[in-house]
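The values are calculated or read from the model by the stated rules, or taken from the named source; none is laboratory data. Bear in mind the structure is a predicted one, so any value in this text is a computation, not a measurement. Note that we place each Cβ from the backbone using ideal geometry, even for glycine, and neighbour counts take in every protein chain shown. For accessibility, only protein heavy atoms count, side chains too; no ligands or nucleic acids. Shrake-Rupley method; radii C 1.70, N 1.55, O 1.52, S 1.80 Å.
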Amino acid sequence: MFSTHNLLAASCLLLSAVNGLQPSLTVPSTLANTFSPEAPLAGLPPKNVLDKGYMPTIENLLEKEEALLMIKTTFEEKLKENVNLQRVSCPLFLTKGSGFNDNLNGVERPATFAPRDYQDVKLEVPFSLAKWKRWALHYYGVEAGKGIVTDFRGLRCDDDVDHTHSLYVDQWDWEKVITKEDRNVETLQSTVNNVYKSVLDTHNLVSEKYGMKAFLPDEITFCSSDELVKKYPDASPKERENIICKEHGAVFLMGIGGWKEDGELRHDGRAPDYDDWITPRPDGGTGINGDLLVWNPLSEVSLELSSMGIRVNPEVLMKQLELCECTERKEFTWHRMLLDGTFPQTIGGGIGQSRVCQFMLQCAHIGEVQHGWYDPDEVEFLKEHNIRLLGLGEF
(Lines give C-alpha, C1' and ligand atoms only; values in the text may rest on other atoms or scores of the structure.)
Protein backbone atom coordinates (compact mmCIF):
# COMPACT_ATOMS: atom_id res chain seq x y z
CA MET A 1 0.00 0.00 0.00
CA PHE A 2 1.14 3.55 -0.65
CA SER A 3 2.02 4.54 2.88
CA THR A 4 4.79 6.23 4.81
CA HIS A 5 7.37 3.85 3.35
CA ASN A 6 6.34 4.64 -0.22
CA LEU A 7 6.20 8.42 0.18
CA LEU A 8 9.63 8.44 1.74
CA ALA A 9 11.09 6.35 -1.06
CA ALA A 10 9.39 8.45 -3.75
CA SER A 11 10.94 11.54 -2.17
CA CYS A 12 14.36 9.88 -2.27
CA LEU A 13 13.85 9.14 -5.95
CA LEU A 14 13.09 12.78 -6.68
CA LEU A 15 16.10 13.99 -4.72
CA SER A 16 18.37 11.56 -6.55
CA ALA A 17 17.07 12.58 -9.95
CA VAL A 18 17.46 16.29 -9.21
CA ASN A 19 21.00 15.89 -7.92
CA GLY A 20 22.13 13.57 -10.68
CA LEU A 21 22.95 10.63 -8.47
CA GLN A 22 21.05 8.24 -10.71
CA PRO A 23 20.21 10.17 -13.90
CA SER A 24 17.11 8.46 -15.29
CA LEU A 25 15.13 8.02 -12.08
CA THR A 26 11.47 8.94 -12.24
CA VAL A 27 8.62 8.35 -9.85
CA PRO A 28 6.17 6.04 -11.63
CA SER A 29 2.58 7.14 -11.96
CA THR A 30 1.42 3.66 -10.97
CA LEU A 31 2.64 2.16 -7.74
CA ALA A 32 1.04 -0.81 -6.04
CA ASN A 33 -2.16 1.06 -5.27
CA THR A 34 -5.19 2.21 -7.21
CA PHE A 35 -6.30 5.28 -5.24
CA SER A 36 -6.92 8.39 -7.36
CA PRO A 37 -7.93 11.40 -5.22
CA GLU A 38 -9.15 13.29 -8.31
CA ALA A 39 -11.86 10.72 -8.99
CA PRO A 40 -15.33 11.34 -7.52
CA LEU A 41 -15.98 9.20 -4.43
CA ALA A 42 -12.49 7.78 -4.89
CA GLY A 43 -12.41 5.84 -1.62
CA LEU A 44 -15.37 3.54 -2.25
CA PRO A 45 -15.01 -0.24 -2.40
CA PRO A 46 -14.76 -1.73 -5.91
CA LYS A 47 -17.90 -1.56 -8.02
CA ASN A 48 -18.28 -5.33 -8.05
CA VAL A 49 -18.66 -5.29 -4.23
CA LEU A 50 -21.37 -2.65 -4.36
CA ASP A 51 -23.18 -4.43 -7.21
CA LYS A 52 -23.33 -7.74 -5.32
CA GLY A 53 -25.80 -6.47 -2.75
CA TYR A 54 -23.34 -6.46 0.13
CA MET A 55 -24.38 -8.01 3.44
CA PRO A 56 -22.00 -7.78 6.42
CA THR A 57 -20.96 -11.03 8.05
CA ILE A 58 -22.00 -9.62 11.45
CA GLU A 59 -24.70 -6.95 11.49
CA ASN A 60 -25.06 -6.39 15.24
CA LEU A 61 -22.44 -3.82 16.27
CA LEU A 62 -21.78 -5.27 19.74
CA GLU A 63 -21.38 -8.74 18.29
CA LYS A 64 -18.96 -7.29 15.78
CA GLU A 65 -16.93 -5.75 18.61
CA GLU A 66 -16.71 -9.18 20.23
CA ALA A 67 -15.51 -10.63 16.93
CA LEU A 68 -12.86 -7.91 16.55
CA LEU A 69 -11.54 -8.67 20.03
CA MET A 70 -11.50 -12.39 19.29
CA ILE A 71 -9.56 -11.87 16.05
CA LYS A 72 -7.00 -9.53 17.58
CA THR A 73 -6.46 -11.65 20.69
CA THR A 74 -6.22 -14.89 18.73
CA PHE A 75 -3.86 -13.54 16.11
CA GLU A 76 -1.53 -11.89 18.61
CA GLU A 77 -1.25 -15.09 20.64
CA LYS A 78 -0.57 -17.11 17.49
CA LEU A 79 2.04 -14.60 16.33
CA LYS A 80 3.84 -14.60 19.68
CA GLU A 81 3.90 -18.40 19.71
CA ASN A 82 4.95 -18.94 16.08
CA VAL A 83 7.58 -16.19 15.83
CA ASN A 84 8.78 -16.32 19.47
CA LEU A 85 7.78 -12.80 20.48
CA GLN A 86 6.95 -11.10 23.77
CA ARG A 87 4.42 -8.27 24.04
CA VAL A 88 5.87 -4.94 25.25
CA SER A 89 4.46 -1.45 25.67
CA CYS A 90 5.28 1.26 23.13
CA PRO A 91 5.32 5.06 22.81
CA LEU A 92 2.52 7.21 21.42
CA PHE A 93 4.94 10.02 20.53
CA LEU A 94 8.66 10.53 19.89
CA THR A 95 10.98 13.54 19.81
CA LYS A 96 11.40 15.04 16.37
CA GLY A 97 15.18 15.33 16.59
CA SER A 98 15.88 11.74 17.59
CA GLY A 99 15.39 10.21 14.15
CA PHE A 100 13.25 7.48 15.70
CA ASN A 101 10.18 8.36 13.61
CA ASP A 102 9.96 7.15 10.03
CA ASN A 103 9.38 10.56 8.43
CA LEU A 104 12.77 12.24 8.24
CA ASN A 105 12.65 14.21 4.99
CA GLY A 106 9.60 16.44 5.33
CA VAL A 107 7.46 14.77 2.67
CA GLU A 108 4.70 13.93 5.13
CA ARG A 109 3.11 15.89 7.92
CA PRO A 110 3.45 14.05 11.21
CA ALA A 111 0.96 14.96 13.91
CA THR A 112 3.19 17.28 15.96
CA PHE A 113 2.80 19.12 19.24
CA ALA A 114 4.81 20.78 21.99
CA PRO A 115 4.34 20.23 25.73
CA ARG A 116 2.69 23.28 27.32
CA ASP A 117 5.73 24.25 29.39
CA TYR A 118 8.38 23.24 26.82
CA GLN A 119 7.40 25.00 23.61
CA ASP A 120 10.85 24.48 22.07
CA VAL A 121 10.39 20.70 22.20
CA LYS A 122 8.70 19.07 19.20
CA LEU A 123 7.01 15.71 19.71
CA GLU A 124 5.61 13.60 16.85
CA VAL A 125 3.06 10.82 16.70
CA PRO A 126 4.97 8.07 14.82
CA PHE A 127 3.84 6.59 11.52
CA SER A 128 5.15 3.22 12.62
CA LEU A 129 7.72 1.84 15.07
CA ALA A 130 10.11 0.46 12.45
CA LYS A 131 13.08 2.22 14.03
CA TRP A 132 11.94 2.34 17.66
CA LYS A 133 11.59 -1.46 17.80
CA ARG A 134 15.21 -2.03 16.92
CA TRP A 135 16.27 0.32 19.70
CA ALA A 136 13.84 -1.47 22.05
CA LEU A 137 15.49 -4.83 21.39
CA HIS A 138 18.79 -3.28 22.48
CA TYR A 139 17.11 -1.54 25.44
CA TYR A 140 15.48 -4.75 26.71
CA GLY A 141 18.56 -6.85 26.02
CA VAL A 142 16.69 -9.37 23.87
CA GLU A 143 18.82 -12.31 22.75
CA ALA A 144 19.05 -13.80 19.25
CA GLY A 145 16.05 -15.92 18.28
CA LYS A 146 13.62 -13.89 20.36
CA GLY A 147 11.68 -10.70 19.68
CA ILE A 148 9.01 -8.23 20.73
CA VAL A 149 5.58 -7.23 19.48
CA THR A 150 3.62 -4.07 20.26
CA ASP A 151 0.04 -2.90 19.96
CA PHE A 152 0.89 0.22 17.96
CA ARG A 153 -1.52 3.12 17.33
CA GLY A 154 -0.57 6.07 15.15
CA LEU A 155 -1.71 8.73 12.69
CA ARG A 156 -0.88 9.22 9.02
CA CYS A 157 -2.27 12.60 8.07
CA ASP A 158 -1.20 12.33 4.41
CA ASP A 159 -2.25 8.74 3.78
CA ASP A 160 -4.98 7.75 1.34
CA VAL A 161 -8.46 7.56 2.85
CA ASP A 162 -10.33 4.78 1.10
CA HIS A 163 -11.90 1.38 1.73
CA THR A 164 -8.59 -0.18 2.89
CA HIS A 165 -6.66 2.90 4.14
CA SER A 166 -7.27 5.24 7.04
CA LEU A 167 -5.72 8.20 8.83
CA TYR A 168 -5.70 6.01 11.94
CA VAL A 169 -3.07 3.28 12.04
CA ASP A 170 -3.28 0.22 14.28
CA GLN A 171 -0.83 -2.59 13.76
CA TRP A 172 1.17 -5.30 15.39
CA ASP A 173 4.68 -3.86 15.11
CA TRP A 174 7.13 -6.68 15.75
CA GLU A 175 10.90 -7.13 15.63
CA LYS A 176 13.16 -10.11 16.28
CA VAL A 177 16.90 -10.42 16.93
CA ILE A 178 18.88 -12.52 14.45
CA THR A 179 22.58 -13.22 13.97
CA LYS A 180 24.76 -11.82 11.19
CA GLU A 181 24.68 -15.27 9.60
CA ASP A 182 20.86 -15.17 9.54
CA ARG A 183 20.72 -12.24 7.12
CA ASN A 184 19.59 -14.39 4.20
CA VAL A 185 16.58 -15.53 2.18
CA GLU A 186 16.21 -18.73 4.22
CA THR A 187 15.65 -16.76 7.43
CA LEU A 188 13.23 -14.42 5.65
CA GLN A 189 11.14 -17.26 4.21
CA SER A 190 11.13 -19.27 7.42
CA THR A 191 9.86 -16.24 9.34
CA VAL A 192 7.26 -15.46 6.68
CA ASN A 193 5.96 -19.04 6.96
CA ASN A 194 5.55 -18.57 10.71
CA VAL A 195 3.74 -15.25 10.28
CA TYR A 196 1.47 -16.77 7.64
CA LYS A 197 0.70 -19.72 9.90
CA SER A 198 -0.64 -17.18 12.41
CA VAL A 199 -2.83 -15.65 9.69
CA LEU A 200 -4.06 -19.04 8.49
CA ASP A 201 -4.83 -20.44 11.95
CA THR A 202 -6.77 -17.30 12.88
CA HIS A 203 -8.63 -17.34 9.55
CA ASN A 204 -9.71 -20.93 10.05
CA LEU A 205 -10.90 -20.31 13.62
CA VAL A 206 -12.85 -17.18 12.62
CA SER A 207 -14.41 -18.94 9.64
CA GLU A 208 -15.57 -21.83 11.80
CA LYS A 209 -16.96 -19.60 14.56
CA TYR A 210 -18.94 -17.32 12.26
CA GLY A 211 -20.06 -19.85 9.67
CA MET A 212 -17.87 -18.58 6.85
CA LYS A 213 -16.14 -20.63 4.19
CA ALA A 214 -12.38 -20.80 4.78
CA PHE A 215 -10.50 -20.01 1.59
CA LEU A 216 -6.83 -19.36 2.39
CA PRO A 217 -4.34 -21.98 1.09
CA ASP A 218 -2.41 -24.10 3.56
CA GLU A 219 0.91 -22.69 2.34
CA ILE A 220 2.09 -19.31 1.12
CA THR A 221 3.77 -18.94 -2.28
CA PHE A 222 7.05 -17.05 -2.63
CA CYS A 223 7.89 -14.98 -5.69
CA SER A 224 9.83 -11.79 -6.38
CA SER A 225 9.10 -8.39 -7.85
CA ASP A 226 12.01 -8.95 -10.27
CA GLU A 227 10.38 -12.15 -11.50
CA LEU A 228 6.97 -10.51 -11.98
CA VAL A 229 8.42 -7.52 -13.83
CA LYS A 230 10.03 -9.90 -16.33
CA LYS A 231 6.91 -12.05 -16.64
CA TYR A 232 4.41 -9.17 -16.91
CA PRO A 233 6.43 -6.18 -18.21
CA ASP A 234 3.40 -4.21 -19.37
CA ALA A 235 1.32 -4.67 -16.21
CA SER A 236 1.22 -2.13 -13.39
CA PRO A 237 2.49 -3.16 -9.93
CA LYS A 238 -1.09 -3.56 -8.68
CA GLU A 239 -2.04 -5.63 -11.72
CA ARG A 240 0.95 -7.90 -11.13
CA GLU A 241 -0.12 -8.36 -7.51
CA ASN A 242 -3.65 -9.24 -8.61
CA ILE A 243 -2.45 -11.79 -11.16
CA ILE A 244 -0.18 -13.68 -8.77
CA CYS A 245 -2.54 -13.51 -5.77
CA LYS A 246 -5.56 -14.69 -7.74
CA GLU A 247 -3.51 -17.67 -8.92
CA HIS A 248 -2.08 -18.68 -5.52
CA GLY A 249 -4.36 -17.15 -2.85
CA ALA A 250 -1.51 -16.05 -0.55
CA VAL A 251 1.83 -14.70 -1.74
CA PHE A 252 4.97 -13.24 -0.25
CA LEU A 253 6.41 -10.84 -2.80
CA MET A 254 10.14 -10.45 -2.20
CA GLY A 255 12.23 -7.46 -3.18
CA ILE A 256 10.27 -4.26 -2.49
CA GLY A 257 12.19 -1.04 -3.08
CA GLY A 258 14.88 -0.21 -5.64
CA TRP A 259 14.62 0.39 -9.33
CA LYS A 260 14.26 -1.27 -12.70
CA GLU A 261 16.77 -0.67 -15.50
CA ASP A 262 14.59 2.12 -16.90
CA GLY A 263 14.90 4.03 -13.64
CA GLU A 264 11.36 3.44 -12.34
CA LEU A 265 10.53 1.67 -9.11
CA ARG A 266 10.44 -2.05 -9.78
CA HIS A 267 7.32 -2.35 -7.64
CA ASP A 268 6.71 -0.15 -4.59
CA GLY A 269 9.00 2.12 -2.61
CA ARG A 270 10.81 1.55 0.66
CA ALA A 271 12.66 4.03 2.84
CA PRO A 272 16.44 3.55 2.96
CA ASP A 273 16.89 3.01 6.68
CA TYR A 274 15.09 -0.11 7.79
CA ASP A 275 14.39 -2.84 5.17
CA ASP A 276 17.34 -4.18 3.17
CA TRP A 277 16.31 -3.89 -0.50
CA ILE A 278 19.74 -4.12 -2.16
CA THR A 279 21.32 -7.38 -0.92
CA PRO A 280 21.47 -9.94 -3.79
CA ARG A 281 19.36 -13.09 -3.51
CA PRO A 282 20.28 -16.53 -4.95
CA ASP A 283 17.48 -16.16 -7.57
CA GLY A 284 19.31 -13.21 -9.15
CA GLY A 285 17.10 -10.48 -7.70
CA THR A 286 17.84 -8.08 -4.87
CA GLY A 287 16.23 -7.37 -1.53
CA ILE A 288 15.63 -9.58 1.52
CA ASN A 289 12.28 -8.03 2.34
CA GLY A 290 8.75 -8.12 0.96
CA ASP A 291 4.99 -7.85 1.32
CA LEU A 292 2.55 -10.51 2.49
CA LEU A 293 -0.41 -10.41 0.11
CA VAL A 294 -3.68 -12.34 0.01
CA TRP A 295 -6.45 -12.64 -2.55
CA ASN A 296 -9.66 -11.07 -1.27
CA PRO A 297 -12.65 -12.94 -2.72
CA LEU A 298 -15.06 -10.17 -1.74
CA SER A 299 -13.33 -7.33 -3.58
CA GLU A 300 -11.61 -9.64 -6.09
CA VAL A 301 -8.26 -7.86 -5.69
CA SER A 302 -5.08 -8.49 -3.74
CA LEU A 303 -4.76 -7.11 -0.23
CA GLU A 304 -1.53 -6.40 1.64
CA LEU A 305 -1.66 -7.60 5.24
CA SER A 306 1.97 -7.06 6.17
CA SER A 307 5.22 -5.48 5.11
CA MET A 308 8.35 -7.04 6.60
CA GLY A 309 11.98 -7.84 6.00
CA ILE A 310 15.50 -8.30 7.24
CA ARG A 311 16.74 -4.91 8.37
CA VAL A 312 19.76 -2.94 7.20
CA ASN A 313 23.17 -3.50 8.71
CA PRO A 314 25.63 -0.57 8.84
CA GLU A 315 27.04 -1.22 5.37
CA VAL A 316 23.63 -1.57 3.72
CA LEU A 317 22.30 1.49 5.55
CA MET A 318 25.06 3.71 4.15
CA LYS A 319 24.62 2.36 0.61
CA GLN A 320 20.86 2.90 0.68
CA LEU A 321 21.23 6.38 2.15
CA GLU A 322 23.64 7.22 -0.66
CA LEU A 323 21.27 5.83 -3.29
CA CYS A 324 18.51 8.04 -1.91
CA GLU A 325 20.79 11.04 -1.39
CA CYS A 326 19.86 11.08 2.30
CA THR A 327 23.28 10.72 3.93
CA GLU A 328 22.56 13.60 6.33
CA ARG A 329 20.39 11.15 8.26
CA LYS A 330 23.49 9.43 9.62
CA GLU A 331 23.77 12.29 12.12
CA PHE A 332 20.49 11.39 13.82
CA THR A 333 20.75 9.55 17.14
CA TRP A 334 19.10 6.38 15.82
CA HIS A 335 21.34 6.18 12.77
CA ARG A 336 24.49 6.76 14.80
CA MET A 337 23.54 3.91 17.13
CA LEU A 338 23.03 1.59 14.18
CA LEU A 339 26.24 2.61 12.44
CA ASP A 340 28.36 2.18 15.58
CA GLY A 341 27.06 -1.36 16.14
CA THR A 342 24.88 -0.64 19.18
CA PHE A 343 21.79 -2.20 17.64
CA PRO A 344 21.46 -5.96 16.97
CA GLN A 345 20.78 -7.48 13.57
CA THR A 346 17.03 -7.92 13.18
CA ILE A 347 14.07 -8.97 11.09
CA GLY A 348 10.71 -7.30 11.58
CA GLY A 349 7.55 -5.85 10.16
CA GLY A 350 4.11 -4.45 10.70
CA ILE A 351 0.80 -6.29 10.40
CA GLY A 352 -2.28 -4.14 10.06
CA GLN A 353 -4.84 -4.95 12.75
CA SER A 354 -7.79 -3.36 10.98
CA ARG A 355 -6.67 -4.85 7.66
CA VAL A 356 -6.57 -8.32 9.22
CA CYS A 357 -10.01 -7.83 10.80
CA GLN A 358 -11.49 -6.45 7.59
CA PHE A 359 -10.15 -9.44 5.68
CA MET A 360 -11.13 -12.07 8.25
CA LEU A 361 -14.73 -10.81 8.44
CA GLN A 362 -14.88 -10.03 4.70
CA CYS A 363 -15.91 -6.42 5.27
CA ALA A 364 -16.28 -4.08 2.32
CA HIS A 365 -14.74 -1.05 4.07
CA ILE A 366 -12.04 -0.69 6.71
CA GLY A 367 -14.30 1.75 8.54
CA GLU A 368 -16.52 -1.21 9.47
CA VAL A 369 -13.82 -2.45 11.84
CA GLN A 370 -12.18 0.73 13.15
CA HIS A 371 -13.11 4.24 14.25
CA GLY A 372 -11.84 6.63 11.59
CA TRP A 373 -12.80 9.61 9.45
CA TYR A 374 -13.98 9.30 5.86
CA ASP A 375 -15.36 11.51 3.09
CA PRO A 376 -18.91 12.46 4.24
CA ASP A 377 -20.27 12.04 0.70
CA GLU A 378 -18.82 8.53 0.58
CA VAL A 379 -20.25 7.74 4.01
CA GLU A 380 -23.76 8.59 2.79
CA PHE A 381 -23.24 6.45 -0.31
CA LEU A 382 -22.02 3.55 1.83
CA LYS A 383 -25.10 3.73 4.06
CA GLU A 384 -27.29 3.38 0.98
CA HIS A 385 -25.40 0.17 0.14
CA ASN A 386 -25.74 -1.43 3.59
CA ILE A 387 -22.17 -0.58 4.63
CA ARG A 388 -22.25 0.87 8.14
CA LEU A 389 -19.09 2.38 9.60
CA LEU A 390 -18.13 2.28 13.27
CA GLY A 391 -18.76 5.23 15.53
CA LEU A 392 -17.90 8.70 14.30
CA GLY A 393 -16.86 7.27 10.95
CA GLU A 394 -20.53 7.81 10.06
CA PHE A 395 -20.31 11.59 10.53
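Per atom type, the chain shows carbon and sulfur on 52% of its accessible surface, probed at 1.4 Å.
Relative to the dominant Cα principal axis of the chain, helix 314-323 is inclined by about 80°. Going by the alpha-carbon gyration tensor, a ≥ b ≥ c the square roots of its eigenvalues, is the chain rounded (a/c under 1.5) or, if a/c is not under 1.5, prolate (a/b greater than b/c) versus oblate? Verdict is rounded for the chain. Taking all protein chains together and a 1.4 Å probe, the residues Met360, Met337, Met55 rank Met55, Met337, Met360 from largest to smallest accessible area. The order of Tyr232, Tyr118 by accessible area, most exposed first and with a 1.4 Å probe, is Tyr118, Tyr232. Note on the chain: with a GNM built from Cα contacts shorter than 10 Å, the maximum mean-square fluctuation among Glu181, Glu77, Glu331 falls on Glu181.
Rounded to the nearest 20 debye, the dipole size of segment 285-388 about its Cα centre is 480 debye, using +1 on the Cβ of Lys and Arg and -1 on the Cβ of Asp and Glu. With all protein chains kept in place, the per residue accessible area of the chain amounts to 42 square angstrom at a probe of 1.4 angstrom. For the chain, the longest principal axis of the alpha carbon atoms and the long axis of helix 61-83 meet at an angle near 40°. Measuring only protein heavy atoms, the 1.4 Å probe finds Glu143 accessible over about 110 Å². Taking the chain as a Gaussian network, where each spring joins two C-alpha atoms under 10 Å apart, which residue of Gly255, Gly141, Gly287 fluctuates the most? Among Gly255, Gly141, Gly287, the largest mean-square fluctuation in the Gaussian network model of the chain belongs to Gly141.
Given the -39500 (n - 2.57) contribution per DSSP H run of 4+ residues, what per-residue ellipticity at 222 nm results for the chain, rounded to the nearest 500 deg cm²/dmol?
For the chain, the value works out to -10500 deg cm²/dmol.
Ligands, DNA and RNA aside, Ile366 has an accessible area near 10 Å² when probed at 1.4 Å. Seen against the Cα atoms of the chain and their longest principal axis, helix 185-209 is set at about 20 degrees. So what is the relative contact order for the chain, in percent, with contacts set as C-alpha pairs under 8 Å and at least six apart? Contact order relative to length: 22 percent.
Tell me, what is the FRET efficiency for Leu69 and Glu261 to the nearest 0.05, using R0 = 41 angstrom and their Cβ-Cβ distance as r?
The value I calculate is 0.25.
Against the criterion of solvent-accessible heavy-atom surface with a 1.4 angstrom probe, Thr221, Thr112 sort, most first, into Thr112, Thr221. Using a probe of 1.4 Å, the accessible surface attributed to Arg153 totals some 90 Å² when neighbouring protein chains are kept in position. With the simple spin-label model, which puts each label point 7 Å out from Cα in the Cβ direction, the Arg153 to Ile58 separation comes to 1.9 nm.
Which entries in Lys133/Lys330; Lys133/Lys180; Lys72/Lys131 show an alpha-carbon gap greater than 21 Å?
Details: Lys133/Lys330 18 Å; Lys133/Lys180 18 Å; Lys72/Lys131 24 Å.
With Cα atoms farther than 21 Å apart: Lys72/Lys131.
Within the listed set Leu200, Leu92, Leu305, the Gaussian network model of the chain (springs between alpha-carbon atoms below 10 Å) gives the highest mean-square fluctuation for Leu92. Indicate the gyration tensor shape class of segment 67-135 (rounded, prolate or oblate), computed on the Cα atoms with a ≥ b ≥ c the square roots of the eigenvalues: a/c under 1.5 is rounded; otherwise a/b larger than b/c is prolate and the rest oblate. Cα axes put segment 67-135 in the prolate bin.
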